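All remarks here apply to the structure that follows.
No lab work stands behind these numbers, since they all come straight from the coordinates. From a predicted model like this one, the values you see are computed outputs, not experimental measurements. A quick note on method: Cβ atoms are made from the backbone with ideal geometry, for glycine too, and the neighbour counts reach across all protein chains shown.
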Amino acid sequence: MIELEGVSYTYPDSGGPAVSKLNLQIRPGEVTLLSGANGSGKSTLTRLILGLLEPDEGSIQVDGSFDSEERRGRIGLVRQDPRSQLIASLVDEEVAFGPENLGLPRDEIRSRVQAALDKVGLSGFDDRNPDTLSAGQQQRLAIAGVLAMRPRYIIFDEASSMLDPAGREDFYRLCAELAASGVGILSISHFPDEALRADRMLLMDRGMIAAQGEPAAVFRQRPELKRPFIFRLSEALRAQGIALPEGTNTLERMTGSLERLCNTPGRNK
Amino acid sequence: MNPVISLRGLEYSYGKPDKHLPEPPKVLAGIDLQVDGAELLAIIGATGSGKTTLLQILAGLLLPKKGEARILDLDLANPKIREKELDAHRRRTVIALQRPEEMLFRTYVGDDVAYGPANYGISGRALALRVKEAMEAMGLSYTLFKDRRTDSLSGGEMRKAALAGVLALKPEILLLDEPSAGLDPPSAEELFRRIQDLREQGVTVLFSTHDMEQVMLADRAAVFHEGRLLAVDTPEQLFFYSQIPEQAGLLPPEAARIYRQLKNLGVDMPLNKTPSWDPESLANSIVEALT
Amino acid sequence: MRDFGSFGGGFDLFRRQASSGSLGQLHPGVKAAGLIVGVGTISLINSASGLLFILCCLLVAAGSTGLSAPRLLRPLLPVTPFLVLVVLLHGLTRSSSPGEALLSRGDILPMLIMSLRIITLMGWIGLSSAAVTTPEVSYGIEALFSPLERFGFPAGELGLIATVTFRFIPFLREESERLAKAQTARGGSLGFRSANPFRRMKAALPTMVPLFIGTLRRAEVLAESMHLRGYREKQSRIRLHRYPVKLQDLLWSAAGAAVLAAAVCMQYADTDARLVRELINSISSFRGVAV
């Protein structure tokens, strides 16, 4: 678990704290969504977790360790612009970069590269030049590069914002799979519909955690947030007396519930 | 009414043909499109479908290889077109590229916004007025921001400054390539309110986007797929009554998908109302239909 | 007509084509060494016959791996007019005393040498470029200098520098294209066509600052990403790819060294002067016969 207790940080030469008294946890096997306006402290939080900044007060621990070097070894980062993270001119070299730095033997490197490429759906792309890949594929390549390090946690810093909706769907699916295999995911994102696929949601406002918990609960707590369409629809339907099962927060579940409602006897067709 | 933009059989490909590549791949082919004055048109399609290329052609940055491209009485596809005509064109049809804030280069905001009109000979008090109007149109206070350093602004403010630089040219046609990409929802909404204001003032606005909710705000949407224009129609027609967005690899807004799903299930959605993407009214329609 | 469609000309160096045959199979270290030593030798040699010899061997080697001369030289074509100008200037500016004609007989040989030098360099680089891929360049540099690592020479770092440089080239090209388009869209191209060269340079300045800043920012992001992926300086890294040294590596190295050595010998044996004397003798004896 990544745990922050009472963490505050102020950038030198700035007016006030970028983040203050943060208390939060990120658990393995869960997808945690971090949301908030630009300037609310999300990137500062990321840098603190990664050990790129040392908190002015409070503590950060990852799986029991307070050491920032060790922290970094367990947490991977995938950024918004895939191309800004790519180093090599060959897909397999790109993914191998991390393991090479870990000083692993050649066979180990090779098997990790294969496993990572398989996981993101890029097997067989080994000798392609990253420039020839689409944006979605490049993003997956960046993710593979991080996966090859076998991190326990991955931070996605608005990693889906440069993708088109189809690419985003693939991305959400990958996050869910990674979480299912035990990785703890922190995804920073504006997209309301991503909230519904997360297990937990953190809302930041002016450097503080304004709300945290299950996404549905957070949306109910904070009516000013832009809510996902399905969420609004289920609330509106429930308000009109339609009984929807708890957790109807994806399109598939909504259409499934509606289908069942249509097929109940006693309805005029 | 005379269309301000009239494209017929427009084609574009990158690269020059040579004996190893006699036919460079076409990025755009067979585009026929008419746009009326003061229309708000959304350009949608998967990444790589040709949206950016189209906008850059309309802006006069790329020249069509074939076909006809009449914009405000100038045919950009005319092989004998002169540099002067292109300059004049670019004064009236201005584009804001993707992530425009990355291209700010003057130290102070006011100077950067002034760059465009200054290039066309506007100076002195008239220039200051242009800058002021453009900045305020984007919600940046002239007095507070004109002497701010461009690198001291937040991301959202930088984007506003960059767009003000484009607006300062007072274009008749405004082209926006993914104007709200990367902005948080409140900023994106604010941006679109301002875009609609511009439309009220008679500016023709074309914008490309991946956000289907923004498409709903447009008068019409042009659907691109692999360099071809599949259809141009109102968002309602495209999303509620056709499969064309799916053919282009796009996901219609959830409201449309639910609406169609229900229709497939045989639910009689009320006919007198045009379908709405507003979840509350959709809920009303559903409840009405089910009882 | 200026169109941004073919901006940058297409960076074609070091993209290995399928038909590079036996040369393409060589160990990257050999290729890297061949490139560096060859370019060095050709640049320093001052013998027309030597250069001609190298050129002929080059064409033979290229032919043997399936590359015809035109294909070889194509990537360097855009630079040709510039090079012709250089040769001409070289000849014209060589005259030492004011009484001499602008272009005298004594200038011909140096001009010939310079032209041969340029053509041979182009050919050598073209051949290397056809036989080497970008990752091989980095690996080759690393392999070449790795024996020096025990003396503290950062061979691994050098290879990485090459890798990252290649990564930045497309970025630079795209960014400058984007910036140029953004400037043009706001009327900036007007300065580019001014008669006054200072105005022209001034017009190009707006693209420099954001390009520089953008590149630095990108480099910073990349450095941070590398650090987060475990990269630490001064550590030896086992690389994924491994290239065994084969017999053909030794053979081609020996052949290459022999060709370059022979050319150097020709310079010291003053072959040029001898050939010219032979030529003059045979012409005068021919004349003598005719008369």
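Values as computed for the structure displayed
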read-out	value
Charge dipole (the stretch A:2-215, unit charges on Cβ, about Cα centre) - positive-most of A:Thr46, A:Gln138, A:Ile185	A:Ile185
Residue mean of other protein chain beta carbons inside 10 Å, A:92-100	5
Cβ-based exposure ranking for B:Lys170, C:Lys202, in which fewest neighbours within 10 Å come first	C:Lys202, B:Lys170
Extreme residue, positive dipole direction of the protein assembly as shown, given options C:Gly156, A:Ser8, C:Val137 (C-beta unit charges)	C:Val137
Cα gyration tensor, chain B - rounded (a/c under 1.5), prolate or oblate	oblate
The stretch A:28-36 - phi-based ³J(HN,Hα) in whole Hz, Karplus 6.51/-1.76/1.60, Gly and Pro as x	x, x, 10, 9, 10, 9, 10, 10, x
Farthest positive-ward along the stretch C:175-233 dipole, Cα basis, beta-carbon charges - from C:Ala182, C:Tyr231, C:Val221	C:Ala182
For A:183-192, mean number of other protein chain Cβ atoms within 10 Å	1
Rounded to 5, the percent of DSSP beta bridges in chain B classed as antiparallel	55 percent
Fewest-first sequence of C:Ile141, B:Ile5, B:Ile57 by Cβ atoms within 10 Å of each Cβ	B:Ile5, C:Ile141, B:Ile57
Net charge of Cβ neighbours under 14 Å - reference B:Gly124; Lys, Arg +1; Asp, Glu -1	+3
CD proxy at 222 nm, helix term only [per DSSP H run n ≥ 4: -39500 (n - 2.57); per residue of the protein assembly as shown; nearest 500]	-15500 deg cm²/dmol
Degrees between helix A:165-180 axis and first principal axis of chain A (Cα, 0 to 90, nearest 10)	80 degrees
Cβ-Cβ FRET estimate between C:Val245 and A:Met1, R0 fixed at 35 Å, reported to 0.05	0.10
Overall Cα dimensions of the protein assembly as shown - principal axes, largest extent first, Å	121, 68, 57
Ellipsoid equivalent to the stretch A:2-215 - semi-axes via the Cα gyration tensor, in Å	29, 19, 16
Ranked A:Ile87, C:Ile108, criterion: other C-beta atoms within 10 Å, fewest first	C:Ile108, A:Ile87
Kirkwood Rh in Å, taken over the stretch A:228-269 so that all alpha-carbon pairs contribute	10.7 Å
Reachable aspartates and glutamates, given that their alpha-carbon falls under 20 Å from the alpha-carbon of B:Lys80 and they are not under 8 places away in the same chain	B:Glu11, B:Glu68, C:Asp3
Partner chain coverage, peptide C:174-180 - average Cβ within 10 angstrom	2
The stretch C:150-251: GluC sites (Glu not before Pro) in DSSP loop, at most 13 other beta carbons within 10 Å	C:Glu233
